[in-house]
Amino acid sequence: MASKTGESSSSAPTSSDALYVKWGQTSFNNLLQDYNIRVEWNPVLPSKTDTTFPLKQGKITLFSDFFKFCNFRLPMTKFCKLVLDHYPLHISQLHPLELVKLRQFEFACIALGHIPELLDTDVSCLRDIPTSSRDKDWKKKFFYIDVVVIPGEMRWRKMGLKYKVKDEAPPKDAYVSNSLYTKLCGHPSECTVIPEGALVMAGMSLSWHDIKLYPSFRREDEGT
């Protein structure tokens, strides 16, 4: 079910994209702690001479903004991996604007009691789609982590216009009567950082401070 035709801005980085790191050990350690990035995955802060690409042997490159802005968590959900496999795309090739829309869509579907499906991914559930990442230096705030954190094999998408991701939208009458489409597009949400408890409840995060307590929410008009 799709609502539009569009081309992804993803492309394999060129040599000019191989930027040097621009953040320190304290900020990196805080990221690992805040988002439960496990020691056994061997996350590494690059040295000042390391670059984002090409990828290091046995490692992938991830960006701080994936976690802070895009609501991305490790382990990756099955739906995210399904999307990467379909196009195909490597996680290190994604732009934060693509990843945040994917994660917002996945959350919206689950919140509505719907299992997100690959054919649904062109449906917009956002009121105002961001035009830039919140951190202008996001490309320079990267780190390396073991490739095994992403299950299965990932394929690196080639560069060039003919390799850009493009989905042809089906005729409008093929999806306009679909109940999920009506709910998502009729009541779009803000693009925002989703509370960790909500991600946990949706099965999109395993990062919770107390495994004995399950997160819960109450309406504001209930006086709590």
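Summary of computed values
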{"item": "Loop trypsin sites (Lys or Arg not before Pro), segment 26-109 (other Cβ atoms within 10 Å of the site Cβ: 16 or fewer; DSSP)", "result": "ARG38, LYS48, LYS56"}
{"item": "Nitroxide proxy distance, nm - points 7 Å out along Cα→Cβ at LYS136 and TRP208", "result": "4.0 nm"}
{"item": "Number of Lys pairs (Cα under 26 Å; 8 or more positions apart or on different chains) in segment 21-83", "result": "15"}
{"item": "Gain on full stretching of the segment that runs from ASN29 to GLU117 - 0.36 nm per residue minus C-alpha separation", "result": "28.2 nm"}
{"item": "Amide H contacts under 5 Å for LYS59, placed H, 5+ residues apart", "result": "VAL147"}
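Each reported figure results from applying straightforward, stated rules to the coordinates on display, with no laboratory input. Keep in mind it's a predicted model, so treat the numbers as computed, not measured. Please note: Cβ atoms are built from the backbone with ideal geometry, for glycine as well, and neighbour counts cover all protein chains shown.
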